[in-house]
Each structure stands twice: as structure tokens, then as C-alpha cells.
Amino acid sequence: MPDPTSRLIVALDVPTLSEATDLARRLAPHLAGVKIGSQLFTAEGPRAVHAMHDLGLRVFLDLKFHDIPNTVGGAVAAATSLGVWMLNVHASGGPAMMAAAATGAGGRTLVLGVTVLTSVEEKDLQATLGTVRTLRDHVLHLAREAKAAGLDGVVASPHEIADIRQACGPGFLIVTPGVRPAGAERGDQRRVMTPGEAIRAGADYVVVGRPILAAKDPVEAAQRITDECRLGRAESREPRAE
Ligand code: C5P
């Protein structure tokens, strides 16, 4: 069974449901939930969600919807009917799209806005996306828009957690990928922190994929991260969502 006090969501970025189920079953005692992203969902569809529910695990469906409001509202309603715990949309889809997502969820699923991907650096934001704000200001702008549109929280890099917590208050969920235990490979993630640092900065949950999936002993890696999060939470004085 999952651990209700855990702050760790494992990213099941694997190609098949049998690999995902095997991992999830072994890691479950250390997890707050699992994240099913576009790789696994494209390969296996809704049965991947049902398989995790059968293991007693909550599912964060990470499909990062970004389309016209009508389409996103319909996609969110469909995901909500699968009984997922949380899902996400790109906050850069705009206030009307985020409001349609909130309506589609109808309060039955937590809806998070993706601010700026943790693989993006400020020079990419300005050069490729033509954004005039600094990365920090852009993330804060998107987080405020997500809150105003009725979303439950955001997905954001560790380095923006403290600012978002201050701008959006304690009840606003902050879910943080781009987390790397000390000494782990960064991969394509750029703006990284350790799990303990992220929780201390005010994150509610951390999302970790490769440092667990590629570990020699994934169960031990997950347990270490969960323990680090617990310590970070005990040391943190920040109020936050339960
Ligand atoms: O393997 P790694 O720990 O880098 O996995 C991070 C997970 O979080 C991936 O599944 C990725 O899709 C997801 N993610 C992210 N950055 C975001 C939102 C989600 O890295 N802003």
C-alpha cells in the first residue's frame, strides 16, 4: 500500500504496462502516488491508470494538455472520469483554457498548471519562445494566472517554489520535478535541487523519474528520497496544502 505521509511521486516513464506495474508494486510502500506521462499513456492507454488503481496507488496523469478551451475542457473531463488524483495543463494555454480545464474537472480531480518546463533555461525562454519577462517573473505570472483561473496548483521547478509559495499562498499545491538526489545524473533537467531542498523550499510533492528508474536498487532509492523529504518537511516552517 502507498504511504500517506510520503511526498514522492514516481514518474513511470517506461514503455510497457508490465514494467510500470512491476515497478509500482515494488515502490508502492514509499510513494504518495505515481505519475503516468505521455510515453506510458500513449502505449497503453487508460488501462495503465486502472492497473495503478488496482494496486491502491493514486495517479497523477501528466499529459500537459494545451489546446483550445473546448478541447482541453473535454480532455480534462475524460481524464477526470478515469478517477485520477491530479492532472495538468500548460498554463501558457491562457486563462480561458485553464478555466475550461477547471470546469471539466468539476472539483473531482486536482488540476495543475505547468509553468515553465524544468528543462528550459532563461535563454531558451527568451530566444525560442520570445518571452520578454525573466524566467522567474514569467513563472510567477503563470502561477498567478493559474490560481486566478481556478486551478489547484502548479508544476514548477525547485528554484521557483519559494516565490510561488509566497505569491499564491499555503493552499496552492506545488508539485516539483527536476529533483535530483545529491550526486545523481542531471540528464536533460537544468534547474535542479535535491528532494530535501525542494520540500524545505515549500514544495508539496516531488516528482522523480530516472534517479529511481535507473538506480541499481530502485526501492532503496525511493526510500532514501522519501526519508529525505520527511526530514525536509520537519525542518520547514512553511505552511502548505495537505
Ligand atoms: O527522469 P526525471 O526525474 O527527469 O523525470 C521528471 C518527470 O517530470 C518526467 O516525467 C517529466 O515529463 C516530468 N516533468 C518535468 N518538468 C515539468 C513537468 C513535468 O520534468 N515541468
**Item:** Output for the range 1-10, where each listed residue is over 13 Å from LEU57 (Cβ atoms) and in contact with a strand residue (DSSP E or B) (Cβ under 6 Å, 6 or more places away or on another chain)
**Value:** ARG7
**Complete:** Those residues of the range 38-66 that are within 15 Å of the ligand (Cβ to nearest atom), closer than 22 Å to ALA214 by Cα and either of a type in the set (Phe, Trp, Tyr) or surrounded by fewer than 21 Cβ atoms within 10 Å (Cβ to Cβ) (or both) come to a total of 6
**Message:** Test of understanding: among ASP62, ASP67, ASP124, ASP137, which residue is of a type in the set (D, E, K, R) and within 19 Å of the chain's Cα centre (by Cα)?
**Reply:** ASP62
**Request:** Answer yes or no as to whether ALA201 is crowded, with 19+ Cβ neighbours inside 10 Å, touching a residue at least 24 places away in the same chain (Cβ under 8 Å) and more than 14 Å from the ligand (Cβ to nearest atom).
**Result:** yes
**Complete:** Residues of the range 124-135 being surrounded by 14 or more Cβ atoms within 10 Å (Cβ to Cβ) and either in contact with a Pro (Cβ under 6 Å, 6 or more places away or on another chain) or not hydrophobic (A, V, I, L, M, F, W, C) (or both), in sequence order, are ASP124, GLN126, THR131, ARG133
**Asked** Any residue in the range 40-51 that is more than 18 Å from the chain's Cα centre (by Cα) and touching a residue at least 40 places away in the same chain (Cβ under 8 Å)?
**Response** no
**Asked** Is it the case that some residue within the range 185-194 is within 17 Å of the chain's Cα centre (by Cα), crowded, with 20+ Cβ neighbours inside 10 Å and assigned to a helix (DSSP H, G or I)?
**Response** no
**Message:** What pairs come out if I take residues in the range 76-90 that are in a helix (DSSP H, G or I) and pair them with residues that are aromatic (Phe, Trp, Tyr) and buried (at least 18 other Cβ atoms within 10 Å of the Cβ) whose C-beta lies under 7 Å away, six or more apart or interchain?
**Reply:** VAL76/PHE65
**Asked** From the set of residues in the range 1-32 that are within 13 Å of the ligand (Cβ to nearest atom) and within 17 Å of the chain's Cα centre (by Cα), which is surrounded by the fewest Cβ atoms within 10 Å (Cβ to Cβ)?
**Response** ASP13
**Asked** VAL72: within 15 Å of the ligand (Cβ to nearest atom) and touching a residue at least 24 places away in the same chain (Cβ under 8 Å), yes or no?
**Response** no
**Message:** Anything in the range 154-168 that is in contact with a helix residue (DSSP H, G or I) (Cβ under 8 Å, 6 or more places away or on another chain), free of Cβ contacts under 8 Å to residues at least 40 places away in the same chain and more than 16 Å from the ligand (Cβ to nearest atom)? List them, or say none.
**Reply:** ALA167, CYS168
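Every number here is computed from the coordinates shown, using simple stated rules; none is lab data. In this text, all values refer to a predicted model and were calculated from it rather than measured experimentally. Backbone-built Cβ (ideal geometry, glycine too); neighbour counts: all protein chains shown.
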